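What follows is a single structure, written as structure tokens, with notes after it.
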Amino acid sequence: MAPIPGSGLAKGLAVTLRTMTKKSVTAQYPDAQPDLPPRTRGVIGLFEENCTVCMLCARECPDWCIYIDSHKETVPAATPGGRERSRNVLDRFAIDFSLCMYCGICIEVCPFDALFWSPEFEYAETDIRDLTHERDKLREWMWTVPAPPALDPGAEEPKELVTARKTADKLAAQQAPPATEPHADEQARAAERPTRPQGDSKQQTDQPAPRTDQPKPGQEGRE
């Protein structure tokens, strides 16, 4: 069947009329902030306490936009006769967001959960050199990281919570007062027992002992 002349034009005009009659919804940014999903890749937040300066994020970054400086410090032995240890102390942690391509490899390879995605996106600068943010700014973004979604009811408890709970229980056991010794409890109970008057004990000792040479009942006639 041959197409009707002008049918294509009519369909196009119908689409235009339907669009024109719909109410447009415009987000009044920046007065109205957008409702972003929790997994939005805005900026990278740094949780400095978890960073061990392993340099794994800087080595795996395909753009080489992570800059880390550190130094070593000697930690004295925790017990007498123990061995001193050395640890890395973070001096600088910076990310150049003018080079970052937001692949998230640094967050995935971090073995100590020191890097997180934040939905913040308002960090535009007039100078490209100002897009290199130091650790102080990265730490501020850390507090904008949304909470992780809730686990399924039948899921296992995260190992971080299990470890934290065991550590808290261990510290509580160490800070608890020591239990009283058994002999001390016995002494306390003995002190609470009522003492017998001395007169009663004397009367019991003054009574004559029973005779053992008396004949038993039934033996008197036999003798």
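Before moving on, here are some points about what is shown:
- Distance between the stretch 131-167 and the stretch 1-34 - C-alpha centres, whole angstrom: 44 Å
- For THR132, the residues whose modelled amide H falls within less than 5 Å of its own, excluding neighbours fewer than 5 places apart on the same chain, are PHE97.
- Residue-wise HN-Hα coupling along the stretch 132-148, computed from phi with Karplus coefficients 6.51, -1.76, 1.60 (Hz; x: Gly, Pro): 8, 9, 7, 5, 5, 5, 5, 6, 4, 5, 4, 7, 9, 6, x, 5, x
- Legend: P(r) of the stretch 1-55 from all alpha carbon pair distances, 10 Å bins from 0, whole percents, reading 15, 18, 18, 17, 12, 11, 6, 2.
- For the stretch 83-132, the list of GluC sites (Glu not before Pro) that fall in a loop by DSSP and count at most 13 other C-beta atoms within 10 angstrom reads GLU84, GLU122, GLU125.
- Mean separation of Cα contacts under 8 Å, 6 or more apart, over the residue count of the stretch 67-156: relative contact order %: 25 percent
- Filtered chymotrypsin sites (Phe, Trp or Tyr not before Pro), the stretch 91-149: DSSP coil and at most 14 other beta carbons within 10 Å: TYR102, PHE112, PHE121, TYR123, TRP143
- Loop-located trypsin sites (Lys or Arg not before Pro) in the stretch 43-96 (DSSP state not H, G, I, E or B) with no more than 12 neighbouring Cβ atoms inside 10 Å: ARG83.
All of the numbers you see were taken from the coordinates with simple rules; none came from a lab. Because the structure is a prediction, the values reported are computed rather than measured. Ideal geometry is used to build each Cβ from the backbone, glycine not excepted, and the neighbour counts take in all protein chains shown.
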